[in-house]
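Read the structure below first, then the notes.
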Ligand SMILES: [Zn+2]
Ligand SMILES: [Zn+2]
């Protein structure tokens, strides 16, 4: 097969400088890869870190960023399933190698030889991209004229943030073994925290979401049990509010699972302070800053602390199904922007001006449904 498609990609050529639009063409996918026509790519704080130079991607520049991709498979390389050609798919943010010691012992998220688009290789801030074919999740075809899929009537691009934000949260719940009756507390209710709070509730947990942004808490209000606005509160005040909530709701005695999803030093202090006897703390958010904690609390409380980087592809199918069925609410938390506005989106994210997860949608003509403006 000789494949050739022309398109464009937004390229990080110099860290700290705006991305640059370049004409590109894509040929036959290499072994195990699939060539996607991109329908949407989520913009994540990781992309912002690479773009502004605070974090270095593993591949040398120039590099196309973007790792939360939904697209249609145009071609596959040797070793990949031909049945994927023509299918609409969601690609995992990280595809583990499946051969290293970590992969063999079932810790796919600890794989050091995995492939992450926009980090190890060119990503999906582009009209087309290559992704590993073995872990993509095939999506249903649109059954209506509007081009939406699933019982939740989602545009395919709306699923893009599941590739990282929602699945990373699911992996954290899995690691913390969240089950029916647990109390799950999310410190940080944006992206990962918002999806995590919903996914915890789907497991039957009682969920408390904490944030300093009233708008985020409002968006989650009907999807969780309790919200706590932490603006202006000290860590000890937040802890008092949480204790009061647990008592008032009659949840005392249930295992308490805390999730740090704000990726801020203040959030990390609050989350650590919420550790209870026999409970756990999952570190999911990222900040390069250090915080001072009394680590002996972990010993004194017989508690567990763990982190997770990304998600095992084996968990993707369940999260995608929950979104397609409407059990996991996605649409109110995502908004589309044209791919060509990527630099503006990164700038606004840098300023903290984005409340919703942005998905970049390339303008690829009549076959692509127009993104629904949700703002
Ligand atoms: Zn990401
Ligand atoms: Zn591996």
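The values are calculated or read from the model by the stated rules, or taken from the named source; none is laboratory data. In this text the structure is predicted, and so the values were computed from the model without any measurement. Quick reminder, even Gly has a Cβ in these numbers, built from the backbone with ideal geometry, and neighbours come from all protein chains shown.
Scan (1) outside any loop (DSSP other than H, G, I, E, B); (2) surrounded by fewer than 19 Cβ atoms within 10 Å (Cβ to Cβ); (3) touching a helix residue (DSSP H, G or I) at 6+ places or on another chain (Cβ under 6 Å) for the single condition residue 347 breaks and write down its number.
For residue 347, the failing item is (3).
Take residue 183 and tell me if it is under 30 Å from residue 265 (Cα atoms), buried (at least 24 other Cβ atoms within 10 Å of the Cβ), at pLDDT below 95 and assigned by TED's automatic domain parsing to the domain that holds residue 262.
The answer is no for residue 183.
Could you check the range 8-46 and list, in sequence order, the residues that are buried (at least 16 other Cβ atoms within 10 Å of the Cβ) and either within 16 Å of ligand 1 (Cβ to nearest atom) or over 24 Å from residue 94 (Cβ atoms) (or both)?
8, 12, 21, 38, 40, 41, 42, 43, 44, 45, 46, listed by residue number.
Just give me the residues in the range 105-123 being surrounded by fewer than 21 Cβ atoms within 10 Å (Cβ to Cβ), within 9 Å of ligand 2 (Cβ to nearest atom) and either modelled with pLDDT of 95 or more or assigned to a loop (DSSP other than H, G, I, E, B) (or both), in sequence order.
107, 112, 113
Among the residues of the range 156-168, is there at least one that is away from ligand 2 (no atom under 16 Å from the Cβ) and surrounded by fewer than 24 Cβ atoms within 10 Å (Cβ to Cβ)?
No: the range 156-168 contains no residue that is away from ligand 2 (no atom under 16 Å from the Cβ) and surrounded by fewer than 24 Cβ atoms within 10 Å (Cβ to Cβ).
What about residue 18, is it farther than 26 Å from residue 311 by Cα and touching a helix residue (DSSP H, G or I) at 6+ places or on another chain (Cβ under 8 Å)?
When the stated conditions are applied, residue 18 passes them.
If you go through the range 60-73, how many residues are more than 20 Å from the chain's Cα centre (by Cα) and within 16 Å of ligand 1 (Cβ to nearest atom)?
1
Consider residue 171 carefully, then state whether it is crowded, with 21+ Cβ neighbours inside 10 Å, part of a helix (DSSP H, G or I) and within 16 Å of ligand 2 (Cβ to nearest atom).
Against the criterion (crowded, with 21+ Cβ neighbours inside 10 Å, part of a helix (DSSP H, G or I) and within 16 Å of ligand 2 (Cβ to nearest atom)), residue 171 qualifies.
From the set of residues in the range 84-104 that are more than 8 Å from ligand 2 (Cβ to nearest atom) and touching a helix residue (DSSP H, G or I) at 6+ places or on another chain (Cβ under 7 Å), which is nearest to residue 46 (Cα to Cα)?
93
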